[in-house]
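What follows is one structure encoded as structure tokens, with my remarks underneath.
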Amino acid sequence: MVALEGTYLNGKVKLDKEYPSKKPLKVIVTFLEDTNVEKTSGIQLNDFSFSKSKENLRGLKTSLSEALIEERDGI
């Protein structure tokens, strides 16, 4: 493993030094400074709530898995 420093800006990483390679290499980018990142679209872990799920399932008379199978089968 080789560690190189660089700068990230607008989706691109510019390395401080060249690193010769004849093939594409996988990299891991670690941001050393704390930045404010806007929430991306999609599901985040804090979007889940056990109590909300429990409330949503309160009137269900069967198991959740059975209800999903029935819904998908069009019953």
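The values are calculated or read from the model by the stated rules, or taken from the named source; none is laboratory data. The structure presented is a predicted model; accordingly, all values stated were derived computationally and were not measured. Cβ coordinates were reconstructed from backbone atoms using ideal geometry, including for glycine residues, and neighbour counts include every protein chain displayed.
Some values worked out for this structure:
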{"quantity": "All positions within the range 27-54 that are surrounded by 10 or more Cβ atoms within 10 Å (Cβ to Cβ) and at pLDDT below 85", "calculated": "S49, K52, S53"}
{"quantity": "Residue among L32, L60 that is among the hydrophobic types (A, V, I, L, M, F, W, C) and touching a helix residue (DSSP H, G or I) at 6+ places or on another chain (Cβ under 9 Å)", "calculated": "L60"}
{"quantity": "Test: residue in the range 57-70 that is in a loop (DSSP other than H, G, I, E, B) and in contact with a strand residue (DSSP E or B) (Cβ under 6 Å, 6 or more places away or on another chain)", "calculated": "no"}
{"quantity": "Criterion (in contact with a strand residue (DSSP E or B) (Cβ under 6 Å, 6 or more places away or on another chain) and hydroxyl-bearing (S, T, Y)) met by exactly one of T30, T7, T35", "calculated": "T7"}
{"quantity": "Close pairs (7 angstrom Cβ cut-off, 6 or more residues apart or separate chains): exposed (fewer than 10 other Cβ atoms within 10 Å of the Cβ) in the range 14-26, among the acidic types (D, E) and modelled with pLDDT of 90 or more anywhere", "calculated": "D16/E5"}
